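Reviewing the structure listed below.
The values are calculated or read from the model by the stated rules, or taken from the named source; none is laboratory data. Worth saying up front: this structure is predicted, and the values here are computed from it rather than measured. Neighbour counts are summed over all protein chains in view; Cβ atoms, including those assigned to glycine, are modelled from backbone coordinates with ideal geometry. SASA here: full protein model, heavy atoms, side chains in, ligands and nucleic acids out. Shrake-Rupley method; radii C 1.70, N 1.55, O 1.52, S 1.80 Å.
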Amino acid sequence: MTEQIDDLDPGSFIAEANEWLQDNVPQRWRENRGALAETEAVAIRREWDRQLFRAGYAGLSLPSEFGGQGLGLAEEVAFSELAARAQAPDGLARIGRILTAPTLIVHGTANQQDRFLRPILEGEEIWCQGFSEPGAGSDLASVSCRAEKVAGGYEITGRKIWTSFATYADRCLLLARSSADAPRYRNLSMFLLDMKQPGISISPIRQISGGTHFAEVHFDHVFVSDDDLVAGEGDGWKVAMTVLTNERGGVEAASRYVEIRADMDLLLESCGDNSRLADRLADLDRRTDLVRWQIAKAVTLETDESAFVNATSVLKVLWSELWQEITELGLRTSTPKHRDHWRFQYLENRSCTIFSGTSEIQRNIISERVLGLPK
Ligand SMILES: Cc1cc2nc3c(=O)[nH]c(=O)nc-3n(C[C@H](O)[C@H](O)[C@H](O)COP(=O)(O)OP(=O)(O)OC[C@H]3O[C@@H](n4cnc5c(N)ncnc54)[C@H](O)[C@@H]3O)c2cc1C
């Protein structure tokens, strides 16, 4: 990936994408993103999704028969890295694009693919992911939000928490318990729930960094039709595993890598001549490179599913813990010039060892599934 991104051969995908990003990332976002009012930031992020679609950069690695660009994961990862370097906005359609779309391609009916894929890629329908609950975060099999069978569909009653983008979402990829007595892992179902209907109440939750990116959501007898059940009743666990594999994959890591590298470079610039920190800085710098190499390795394994999952399993722990160490050192050694930056980064990325699977859970996965250690 390193070589690919830096090789800007005229006419290549990388060169064209880079040029497009340089010309199209909104100046106002690039220069003021930390200071924008939430409504303006949301408007820019929504429009960014539409711009990506119009320019042919939405769904790069999705097959063309589903409205994607039919390219590979390498292009998707490369674009993600270029976009982060160009300080492009993070569109609001990301859950739809990264989680819902690939999941529907694997498990959805032709009707669901027809109905949902295009509006996701166009940036016209925003999705949220309703998995976590107060009593079911790491242990998703304990989801207790109920889906009761009624004529023509199901009625959803229960509570979800930490639901990113819930305030703006048109649809929710919702995991609910559809059977009280089926065995564990066979009692859950996945739904494509319409968020704009009565019975749904959304309470935003403020984060330590000041933002309100997520919310608590209550469902009170909310209808979802049979047509919006993914795979079959009781297949929710299987579908959720597809979602989580995409959530922890290389595309997410590539965009994080750029921010981590920028923070690492800032740290080297401000403390590089401090001999007491030399070993520590060298260690952090080497590990930043390691994240990039691991992403590049994962991309080469795209066609070997189990090797790919193994390679991406370690990525989440690698980048999230490294970034926390970098921002902690940045905050500890910061001068007034960069104090606001380090304070924000430090607070904001407290959450990255929690979302998409905590570090402890990721370590369990690495030890049991990748290394085959006994439970
Ligand atoms: C910024 C952010 C955005 C999020 N967005 C979403 C979203 O859009 N949709 C959504 O559904 N969820 C979302 N989440 C929720 C996230 O997926 C959960 O917070 C996460 O899975 C952990 O669940 P929990 O908070 O219930 O912690 P718990 O599962 O209660 O864990 C508490 C602690 O116990 C440890 N632990 C638990 N089980 C084990 C075990 N078996 N072995 C070792 N240690 C264990 C955990 O590592 C953790 O340290 C988001 C979270 C954050 C922070």
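Some observations on this one:
- Residue ID - most open to solvent (accessible area, probe 1.4 Å), chosen from residues in segment 330-375 that are within 18 Å of residue 260 (Cα to Cα), within 12 Å of the ligand (Cβ to nearest atom) and assigned to a helix (DSSP H, G or I): 350
- Matching residues, segment 221-250, being acidic (Asp, Glu), open to solvent by 40 Å² or more (accessible area, probe 1.4 Å) and within 15 Å of the ligand (Cβ to nearest atom): none
- First in segment 131-142 and free of Cβ contacts under 8 Å to residues at least 40 places away in the same chain, second anywhere and of a type in the set (Ser, Thr, Tyr), Cβ under 7 Å, 6 or more apart: 133/144; 135/142; 135/144; 136/142; 136/144
- Residue match in segment 303-316 (condition: touching a helix residue (DSSP H, G or I) at 6+ places or on another chain (Cβ under 6 Å), under 23 Å from residue 211 (Cα atoms) and open to solvent by 50 Å² or more (accessible area, probe 1.4 Å)): no
- Against the numbered list (1) surrounded by fewer than 17 Cβ atoms within 10 Å (Cβ to Cβ); (2) in contact with a helix residue (DSSP H, G or I) (Cβ under 9 Å, 6 or more places away or on another chain), residue 15 comes up short only at (2).
- Checklist (1) open to solvent by 40 Å² or more (accessible area, probe 1.4 Å); (2) small (Gly, Ala, Ser); (3) within 16 Å of the ligand (Cβ to nearest atom) applied to residue 64, failing item: (3)
- Selection from segment 196-220 of residues that are of a type outside the set (Asp, Glu), outside any loop (DSSP other than H, G, I, E, B) and within 14 Å of the ligand (Cβ to nearest atom): 202, 204, 205, 214, 215, 217, 219
- Selection count where residues are within 16 Å of the ligand (Cβ to nearest atom) and surrounded by fewer than 18 Cβ atoms within 10 Å (Cβ to Cβ), scope segment 102-117: 0
- In segment 154-195, residue farthest from the ligand (Cβ to nearest atom) [restricted to those that are assigned to a strand (DSSP E or B) and on the phi > 0 side of the Ramachandran plot]: 158
- Residue match in segment 118-128 (condition: in a strand (DSSP E or B), crowded, with 19+ Cβ neighbours inside 10 Å and within 13 Å of the ligand (Cβ to nearest atom)): yes
- Whichever residue in segment 269-297 is of a type in the set (Ser, Thr, Tyr) and surrounded by 12 or more Cβ atoms within 10 Å (Cβ to Cβ) and, among such residues, is farthest from residue 255 (Cα to Cα): 270
- Filter result for residue 97 (farther than 24 Å from residue 242 by Cβ and either in contact (Cβ under 8 Å) with a residue 12 or more places away in the chain or assigned by TED's automatic domain parsing to the domain that holds residue 300 (or both)): no
- For segment 332-352, the candidate set comprises residues that are of a type outside the set (D, E, K, R) and closer than 16 Å to residue 268 by Cβ; within that set, the residue that is farthest from the chain's Cα centre (by Cα) is 335.
- Top-ranked residue in segment 134-153 [being within 22 Å of residue 206 (Cα to Cα) and open to solvent by 70 Å² or more (accessible area, probe 1.4 Å); ranked as farthest from the ligand (Cβ to nearest atom)]: 134
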